[in-house]
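Notes to accompany the following structure.
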Amino acid sequence: MATGGAKQKQWADKKVFTTGEAAQVCKVSQQTIIRCFDSGRLSGFRVPGSKFRRIPRAELIRFMQTNGIPLDPLEGGPKRILIVDDDPAVNELLVDVLTREGSFEVETAMTGYEAGLLTESFKPHLIILDYMLPDINGNVVCDRIKGRESTKDTSIIFISGVVDEREVRGLLEAGADDFIRKPFDIDALIERINELLETRTG
């Protein structure tokens, strides 16, 4: 059986899934998939002359979207990272380092408003979010992202140089995955990004 990245790449190219494979992709039991299939909530076909059920890729995607299940296991491509900071130098540094890695697709925003729009259109797996933005504080952006069904699983790392420990605790309690103080060690940040993305899709 393929594992980790190999399995994800295999699923990225797969056109038809067994109930067992669909269960692994959706992170539910095979019996749950079979019940959904038999009740008509999940469409597909039976292999002629057998009881085996098969689920086309497009139908599995529809089922996952309807039930708020992340599509990451089916994608297999680079992870999408959104950088939200009003300092162009920080954005430029992070874009340069992350794109050099070769495994990330990166977009940037300089305001909370832009971050909201890009979260919906770009659908990042992870957001590096400055706490002090020109229009609203990052904690408001975090609340909105974590409060929506479609984006609640997005990982968020806050970066800031002006937040006290009480505020940091509040950010983590509000759903942020980590807080890194500026000026930050770029290698440590990359390591933390990889850890969060591995946990999210593993």
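Only the coordinates and a few stated rules stand behind these numbers; no lab work does. A quick note: this is a predicted structure, and the numbers were derived from the prediction, not measured. Note: ideal-geometry Cβ built from the backbone for every residue, glycine included; neighbour counts use all protein chains shown.
Quick notes
- 19 Å Cα cut-off, lysine pairs counted over the stretch 4-67 (separation 8 or more, or different chains): 5
- Relative to the 2.2 N^0.38 Å rule of thumb, the stretch 91-173 has a C-alpha radius of gyration ratio of 1.09.
- Here the stretch 4-67 has an Rg and Dmax of 11.3, 34 Å, counting Cα atoms alone.
- Length gained when the stretch SER150-LEU93 is fully extended (0.36 nm per residue, less Cα-Cα span): 17.6 nm
- Neighbour count of at most 16 Cβ within 10 Å plus DSSP loop: longest trypsin sites (Lys or Arg not before Pro)-free window in the chain: 52-147
- Just checking the listed ones, SER160, SER39, SER150: in the Gaussian network model of the chain with Cα springs under 10 Å, the one fluctuating most is SER39.
- Long-range HN-HN contacts of ASP178 with modeled amide H, under 5 Å: ILE156, PHE158
- Taking 7 Å steps out from each Cα toward its Cβ at ASN194 and ASP86 produces label points 3.4 nm apart.
- The distance linking the stretch 130-198 with the stretch 31-78 is 34 Å (Cα centroid to Cα centroid, whole angstrom).
- Estimated FRET transfer efficiency (LEU117, VAL16; beta-carbon r; R0 30 Å; 0.05): 0.25
- Semi-axes of the equivalent ellipsoid for the stretch 35-88, Cα gyration tensor, largest first, Å: 36, 12, 6
- Counting only DSSP beta bridges with both residues in the chain, the antiparallel share comes to about 25 percent.
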